[in-house]
Each structure stands twice: as C-alpha cells, then as structure tokens.
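Computed from the coordinates by the stated procedures, all read-outs in this text should not be read as laboratory data. For clarity, every value in this text was computed on a predicted model and none was experimentally measured. Neighbour counts are summed over all protein chains in view; Cβ atoms, including those assigned to glycine, are modelled from backbone coordinates with ideal geometry.
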C-alpha cells in the first residue's frame, strides 16, 4: 500500500513541479522514469537535492515516501525472492540501501523535523536511524553511529528531557571521548557536511564482492564558522565512509558466494560433459540408436552451459550519491546575529575560499535554532 | 535414454521459466478500502499502525468512562484532551494528534454529557472572537455571553515510549511500545485516572536486506 502512497505523494507536488529548478525537476522525474526497483534510491537523491535547494516541503514528502519503503518488511516477497535467485543480480532487488544509507535517510528526516520545531519526531527519527546501524555484522561497530546518538541526545536536551539527554550523551562519550557536550544554555545546533558519498564498487569474481571507496575529488576536511565576531571550529562527529565500510560482511554475500561457486561448478560440469558430447556427436552415426544417448548428453551439456551463462552473482553497487563524507557539529548559545559565515579547511588547515558561504540560522517558536550547511551542492556527485 | 532426454528438456524449460518468475504487477492495483482495525496484509512494520491507535483509544475511552472520579461527577467535569502534554519518547515517528483527537472525539460521543470537553488549543481563536464581540465589531451572537472562558478540571497527559531490540544474527527487529495515559487534577495536581496500552511487534526482513 505504501508503494501506492508513494506514487500519490509524487503526484501531490505536480503543481509545484513547474517551478522547480531544472536539476531538481530532473531528479524528481527520474523517480518515475527509472526502473521501479530504483525508486527509493531516486527518492533519496531527489530529497537530498530538494533539501539542499531549500525546498523542505518536497524533501519531506520524498523522504517520507522513501522511508515508508525502507521501514516496510519484505517477508515472503516475490521480488525479494527473485533477487536471491541464481538468475538475477543482487541489483534486481528494490533498493532500500545498506544500513548506513538507511540511517542517513532517518538523519535527514530528523533534520527536517528539527527545522519544523518537532523535536519529538526528530528524536524518533534519530533513534530509528541508530537502529538501522544495529544490523552491522562486526559487533564492535554495531550501533556506533555517533552522529545519530548525538542528535537524539540533542533533541532531548532542547526538549528539556534532562535524564534522556544525559543517558545518550554518556553513551556518546564512549564512542567519541572528549566530545564537548552541550551546556544547559545551548540552543543552537550547527551541522555542516563535507566531502562526497562513499562509493560502492563490485570486486571479486564477476563482481560478487561489494567494496567501499571514499568519495573522490574533494579536499575539505574541517569546518569553521564566524559569527558575532568569533571564529569557532566544528567537531567532526561522523565519517559516513567509515560507517559504510566498517559494517563487515552481509548475509547476502554468502548467497552471492554460493552463486559464484555454482557458476564455477556448472562451468566445469559443462566443460566435462561438452567434451563427451563432442565425441558423441561424431560417433553417433556409427552407433546408430545408441547415438541418442550421446545426443541427450549434449543437451545436458547445453543446459549446463546455458545455466553458467545465466547465473548472475554481481553485488548491488547502487549507492546514494549525494551523501556527504563527514558531518561536523557545534552547539552554542543563540548568537545575536542570524547570519553565519561557514568556512571549509583542507587537511593542512588552509581555508578553501571557493567553498566559503553564508548560512542563516533558523529559530523555531520555542527559541531552538538549527543551522545546516553542506560544502558542495547535492548535484556535485561521483559516478559509480 | 529417454530419462536423460526428458531431464535435459525439463531442465531447459525450468531454466527458461526461472527467468520470468517476477510478479507481474504492471497493471497496478485498484484502490481498496482496508479495515483500520486490522493489520495491512501488504506492508507491515514494527511501528504504531492504525489498528494500534484504534484499539488503544477504544480501550482508554471505555476505561475512562467507567471511572467514577471522572465520569460520575455532578456537575460534569471539564476536561482537556489534546497532545500538548502527550510526549513521544519512542523511536516511532507519529503525529500524536491522531491518538488524542480520536480519544477526545470517541469520548465525547460516548460520554453523553458526563464530561465536558474544552478546546484549549483553540483558545486563541476563541479569545479573538470574544474581542470582536466585546469591541462591537460584531454583535454578541445568539447563545450567551460569559465573563470568562471555561476553566478545566482535568487534563490528559501521557507518554509514548519504546524499547527496541535487534538480533543481528537473524536480523529480527522487535519493538515493545508502551503508551501511558493519565488524567491530572488541574487544581490539586493528583492523578485521578491512569491507563496503559502496550504491544510488541517483531519482524524479520528478507535476507537480501540484512
């Protein structure tokens, strides 16, 4: 049902679509034009672009539609069964993203809730995102998404739920020792994203292994803001590439490995039987009726060869391409100025002038502020 | 001999069949009304769904009406049932008004005057209209004039909480959800009624998504 709801949600902003910037219009169009199993991927990418361009209403609708699919349980699904089968790539499945991507979908949903002043639902989003990270195979990296932990605690902090906030901040310190916790009078959250999305690549025999590589062609590593005459450095709280690459093996990897083994086995069976069949074809006229046996062997060999050629064991390397590489945060009391200059620094600490921008603090009715910015436009992405 | 041939043919047929086992849903699916009291057979998650909201508000309504401190007073007590003090601390995103609106409306329908409901969230609108009447911009209306708007005797408060568990080996996710409702005496601060609704859902996604 949610799939139909998604379609409806896409229909709603149709009237608004005429006024969309071309890049966003194109991204939205791709949702319906592309394969249905890429719908969530295209929704996430279009939503991120909408958020970047300040169209929060559309971003919210698109994230909601994507999350409706992400959170739905695929049990006894024909489509999922197909993706498990020998004859389809893993990429035949509906894209729901790897845990880090699902977690980031909740992160953006929560960010939009914070902008709307709905910190309770923002906290629910961050908690849900953190749960996505609990699926990591590597135990030490399970539920270690410090960014979401911090944001959950921050939401409780501004809601005045001291106990809940302290509990989460304490947990955060086990992952980020030395992190400067917000003080009681802090009401502004500054959150800035740098770099480009981690890339997924196919590796191994026939591309059955999924590997991660950092985004390319960016050099910003740190963030500094200037407000009320002060320069303040942000703390890098999360590496999205680390979250992507530290997950460990996936259960689907075993299936892909099995498919590769099947392919190798059928290849050798096919080669062996083909050899017999080649001889049989030559000998069958001499053996009369007995030649039929060899014809049957040839048919089996043909089936094995066909099976080998049709087995698909490639890992799904579709990735959410406009995610950042890192997220940096800072909390502070509300400054007098609503305009903030955001500077990006390279590894040597030099300001990258072309990335410097001015961002505006948004304050809700309860006096809680958010400033979110990203170093690069959401259209500046790496291709697979 | 025939066996081998049949096997080969069957294998080939099976193989070709395997390439087209996807569900043909190109024709789409017509809109259907579903029962809000039952879980959708199409999509299910571990969050709060329509059947949970309906079941919990029905139960709370019945419980409140059977409480003499609330529904057995003369004159009928004035109560506020809205989401102002109903907090969501769970991991489920929800519009809390869905719960409090249904509870208030069903309560009002079933209470038959045993409780009087105050629309405190609309107080700004009421004050603005009263101001128009009192400044002579509009006439006084047809019902009556009162010195002040109604004060409340009780107010609903509550909390939505959850405890999530994930078994990473089987990727089974489970969510225990607890929704507490309490009615506070707005003069004395005591809790005159409490209700609790809880449920737990468990689901396991297909292995390709774990």
Inter-part distance where the range A:161-227 and the range B:97-147 are each reduced to a Cα centre, Å: 48 Å
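Report the relative contact order of the range B:58-210, percent, no decimals, based on alpha-carbon pairs under 8 angstrom and at least 6 residues apart.
24 percent
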Approximate spin-label separation residue A:358-residue A:29, in nm, with each point projected 7 Å along Cα-to-Cβ: 3.4 nm
Virtual spin-label span in nm between residue B:114 and residue B:149, 7 Å along Cα→Cβ: 2.8 nm
Relative contact order computed over the range B:151-201 (Cα-Cα under 8 Å; 6+ residues apart), in percent: 36 percent
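Which FRET efficiency, nearest 0.05, do residue B:62 and residue B:97 yield, Cβ-Cβ r, R0 22 Å?
0.55
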Point-to-point label distance, residue A:341-residue B:37, nm (Cα→Cβ direction, 7 Å offset): 6.6 nm
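How much length is gained on full extension from residue B:84 to residue B:30, taking 0.36 nm per residue of separation minus their Cα-Cα distance?
15.6 nm
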